[in-house]
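Asker: Here's a structure for you.
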Amino acid sequence: MTHTTTNRIANCFTQLQAQGRKALIPFVTAGYPTKDTTPALMHAMHAAGADIIELGVPFSDPSADGTTIQKASDIALSNGIGLVQVLEHVRLFRESNQTTPVVLMGYANPIERYDQLRGEEAFVRDAAIAGVDGLLVVDYPPEEAQALHQQLRAHQMDLIFLLAPTSTEARMEQINAIASGYVYYVSLKGVTGSKALDTQQVAQALPRIRSHVKLPVGVGFGIRDATTAKAIAHDANADAVVIGSRLIELLRDNPGQSGIEAVAQLLQQMRQAMDEKQ
């Protein structure tokens with residue numbers, strides 16, 4: 001049976017909605033802390049309650065990432081991790097998990113380089129074969145993403161965009177015209193791993209976003225624990241909660257298998273808090 005990739009993200013949100021639940025989306029950098037960790041980590045995150053997994057593609061100049069994720073990216077690069085290896089991680093994960101959506105998050109440069117070396121549209125084709133469901137390219141604004149959007153649609157893959165507190169109505173309309181899967185609302189001005197998250201500000205922003213964007217809205221940046229995850233899911237009424245920097249810190253501070261266990265434990269706590277009835 002072939003799985004059309006777009007169905008994985010759409011199905012995930014449809015099923016959660018039917019259950020009155022919100023998506024938990026962990027982000028980890030592929031190839032961190034060691035080059036072989038990622039597939040096992042992905043399985044552990046799924047088992048702990050992750051609904052969608054975002055894999056960061058290591059890049060030497062990540063403009064939207066804070067120091068925690070930048071450092072993880074540097075280590076992954078020194079572990080020899082590039083797009084080829086990231087796709088291999090996804091392929092290995094897919095050997096025994098055909099249902100959990102996987103989104104690659106990264107920058108334009110590695111994708112363009114991949115196609116330069118392997119031929120036009122090679123990346124999207126190879127990503128589809130590996131089992132990738134969506135792509136979030138931080139430095140591709142919607143007006144520059146038309147060609148990529150068409151390539152992805154041809155393979156039933158989703159193009160996911162970031163929205164910020166500073167996003168204008170016009171920008172939201174542009175994104176609505178081209179995005180699929182979900183949109184990722186960056187709840188803070190600044191980079192990943194920032195500390196103070198204002199649930200009320202997020203709660204006020206989401207209806208404005210939803211009046212322009214007809215997709216599920218995930219919220220990230222500044223979410224570090226189960227309490228915040230619950231507040232964003234319930235009080236702010238986000239469709240999904242994205243957590244990244246805190247997981248990278250747990251992997252950094254707990255070597256080997258204990259890092260994977262620490263990540264799984266935090267995700268379990270977040271899942272439980274998000275599923276508690278109001």
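Laboratory data are not the source of any read-out in this text; all were calculated from the coordinates shown. As the structure is a computational prediction, the values presented were derived from the model and not from experiment. Don't worry about glycine lacking a Cβ; one is built from the backbone with ideal geometry, like all the others, and counts go over all protein chains shown.
Asker: Hey, can you rank 12-23, 123-134, 148-159 by average C-beta count inside 10 Å, highest first?
Answerer: Listed from highest to lowest mean packing, they are 123-134, 148-159, 12-23.
Asker: Between GLN268 and ARG208, what is 0.36 nm times their sequence separation minus the Cα-Cα distance? Round to one decimal in nm.
Answerer: 18.5 nm
Asker: How big is the equivalent ellipsoid of region 1-156 along its three axes, where each semi-axis is √(5λ) from the Cα gyration tensor, reported in whole Å from largest to smallest?
Answerer: 23, 20, 15
Asker: I've got another one for you. Assuming a strict under-24 Å limit between Cα atoms, what lysine pair count do you get for the chain once near-sequence pairs (fewer than 8 apart, same chain) are dropped?
Answerer: Lysine pair count for the chain: 13.
Asker: When only C-alpha pairs under 8 Å and at least 6 residues apart count, what is the relative contact order of the chain, in percent?
Answerer: Rounded, it is 22 percent for the chain.
Asker: So how do 55-61, 93-99 stack up, highest first, on mean other-Cβ count within 10 Å?
Answerer: 55-61, 93-99
Asker: Give me the dipole magnitude in Debye, nearest 20, for region 5-271 about the Cα centre, with unit charges on the beta carbon: positive for Lys and Arg, negative for Asp and Glu.
Answerer: 620
Asker: I've got another one for you. Provide the three semi-axes, in whole Å and in decreasing order, of the ellipsoid equivalent to the chain as defined by the square roots of 5 times the Cα gyration tensor eigenvalues.
Answerer: The equivalent ellipsoid of the chain has semi-axes of 25, 23, 18 Å.
Asker: To continue, here is another question. Enumerate the whole-percent occupancy of each 5 Å bin, from 0 to the last occupied one, for all C-alpha pair distances of region 1-83.
Answerer: 3, 14, 20, 18, 17, 14, 10, 4, 1
Asker: Across every pair of different alpha-carbon atoms, what Kirkwood hydrodynamic radius in Å does region 45-115 reach?
Answerer: 13.2
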